[in-house]
1. Please compute the average number of Cβ atoms from other chains found within 10 Å of each residue's Cβ in peptide B:38-45.
2. What value does the stretch B:56-114 have for Rg/Rh, both radii from Cα atoms and Rh as Kirkwood defines it?
3. Please provide three numbers in whole Å: the alpha-carbon extents of the stretch B:36-78 along the principal axes, with the largest listed first.
4. Alpha carbon centre of the stretch B:1-76 versus the stretch A:44-113: separation in Å?
5. Give me B:13, B:93 sorted ascending by neighbouring Cβ count inside 10 Å, so fewest comes first.
6. Can you compute log10 of I(q)/I(0) for the stretch A:74-113 with the Debye formula, treating each Cα as one identical point scatterer, at q = 0.18, 0.20, 0.31, 0.35 Å⁻¹?
7. What distance in nm separates the two pseudo spin-label positions at residue A:106 and residue A:77, each 7 Å out from Cα along the beta-carbon direction?
8. Work out how much length residue B:12 to residue B:55 would gain on full extension: take 0.36 nm times their residue separation and subtract the Cα-Cα distance, in nm to one decimal.
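Nothing in this text is a laboratory measurement; each read-out follows from the coordinates by a stated rule. Everything numeric here is computed off the predicted structure, so don't read it as measured data. When we count neighbours, we look across all protein chains shown, and the Cβ atoms used for this are built from the backbone with ideal geometry, even at glycine.
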């Protein structure tokens, strides 16, 4: 099993550019999440999804969009990139049964210059 | 809403010494509690979890944590630190009915000195 796969691992963007961070899981998990991690701030929830076709905002959604057309994929779209979006982004998933144990991807480091 | 506070953003211990990482939570309903570890340039891995069974929870790599409802705490301990324990540790809380959302603390960077 690959688990949760994120691409790209690294990306540099110019201010105002757009891009999509890809996330795919092969565990048939219903729940998927996007977090951003900034030094000393822990992880903040950007968006989450409880199943295909259903998404909702987390704590810090501004400047981002998501879609969930399949169970496997949960891409995160950055529109009009800003320096404040420089961060490490983690995708995670979990099953709808059991005790809320997240499986994380390896992360995508984004720099906006 | 739930929240987590980790006391001490940086903790240093000598190899072989006790590791104690502090976590206090706030929740209006019985919580699930977790400790995750993050090694450099990697994602987070689950160390251990509390899900309302035994209050003393044992995890991987010799770590354990005790749920104390009266103190709203879930501190992480290890009797003897190893150099390989150097990493960042995150405490997290979730409650049922919240779309399984986890709320993370700000993290504690553990340094192990030779």
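1. 5
2. Rg/Rh for the stretch B:56-114 comes to 1.02.
3. 36, 18, 17
4. When both Cα centres are located, 24 Å separates them.
5. Neighbour counts put them in this order, fewest first: B:13, B:93.
6. For the requested q values the scattering log ratios are -0.62, -0.70, -1.09, -1.20.
7. In this crude spin-label approximation the distance works out to 2.7 nm.
8. Residue separation times 0.36 nm, minus the Cα-Cα distance, leaves 12.8 nm.
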